[in-house]
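K.L.:
Sharing a structure here in structure tokens format.
Since every read-out is calculated from the coordinates, none of them should be taken as a lab result. Source: prediction; values computed, not measured. Here the Cβ is made from the backbone with ideal geometry for all residues, glycine too, and neighbour counts use every protein chain on show.
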Amino acid sequence: MRNEKTAASPAEDSESKDSRGSIQVIDRMMSLLDALAESNDPPGLKQLALDTGLHPSTAHRILASLCANGFVDRTNNGAYRLGIRLLELGNLVKTRISLRETAMPSMLKLHATTGESVNLGMRSGDEIVYVERTSSGRSSVRIVHIVGARAPLHTTATGKLFLADGNADSNKAYAERTGLPGSTQASITTLKALEQELERVRRHKVAYDMDEVEVGVRCIAAGIRDDAGALVAGLSLSTPTERFNPDWAPLVLETAEEISRALGFSERLEKRRR
């Protein structure tokens, strides 16, 4: 038997064309919104058409619809800017996002790739509190893997991320306030050593705990930022010292950045805020 292609009915053909057209309009709309987001000053129609590659008449038609629905505002001089409706929707999305729920799929993926324990830590005063984890089932990590456990900022990989996010004055105040107590012989206990360590964290965007909280346990951590660019948590990979692999650092950083994007963080918008 020969295969025969059934011809689409006029109604089906029209529906298919409408669907493709609708998707194309959405793509064009998003390109205009992205162009507006990237502009430091409200651009005019001609500039937006140039930035997006759209014909001015097409850009004008889509912008008119976006303005009518509050996604874009048109200024008195005819320029365009993002509208308040986007802020309303963004705030609604933000209230429904759970950091732990958002982070877990990426944490599980990192766990599956490395076979090691992955932790999610948040700052609480002068300590890190661990709010989520995946267990490797291969090691007896006793301290940092317990959900709800706390550890000083200066001895933990995740804590160093938060200290590095501060400045010299805030870190000096932390050192004076806590006295920089050590948990092991490897712990940092002087302000000078801490400042040198934090400079490395800023430079490489990852932090390490090299047997500083518990002898025999090492960690690599990278920061998680929210839609406002604030450091809200740290993602850390914990291993026994004998299985520690510094080559996992880029993977930890990539996973933390993936979670940050899921929370609404954008490197592009962050640069514009600076």
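K.L.:
Between GLU127 and GLU88, with labels modelled 7 Å along Cα→Cβ, what's the label distance in nm to one decimal, could you check?
P.N.:
In this crude label model, GLU127 to GLU88 measures out at 4.4 nm.
K.L.:
So for the pair SER135, ALA186, with labels modelled 7 Å out along Cα→Cβ, what separation do we get in nm?
P.N.:
2.3
K.L.:
A further question follows. Which of the three applies to the stretch 99-245, rounded, prolate or oblate, going by the alpha-carbon gyration tensor with a ≥ b ≥ c and a/c under 1.5 meaning rounded?
P.N.:
Note, shape of the stretch 99-245 comes out oblate.
K.L.:
Still on this model: Find how many whole Å separate the alpha carbon centroid of the stretch 54-130 from the alpha carbon centroid of the stretch 242-257.
P.N.:
So the two Cα centres are separated by 26 Å.
K.L.:
List every residue whose amide H lies under 5 Å from the amide H of ILE128, counting only residues 5 or more places away in sequence or on a different chain, with H placed 1.01 Å from N in the peptide plane.
P.N.:
ALA151, LEU153
K.L.:
Now, a different point. Obtain the nm distance between the two label points defined at SER65 and GLN196 by a simple spin-label model: each point lies 7 Å from its Cα along the Cα-to-C-beta direction.
P.N.:
6.1
K.L.:
If we sort 105-111, 78-84 on the protection proxy, mean other Cβ atoms within 10 Å, highest first, what's the order?
P.N.:
Ranked from most to least packed, the peptides come out as 105-111, 78-84.
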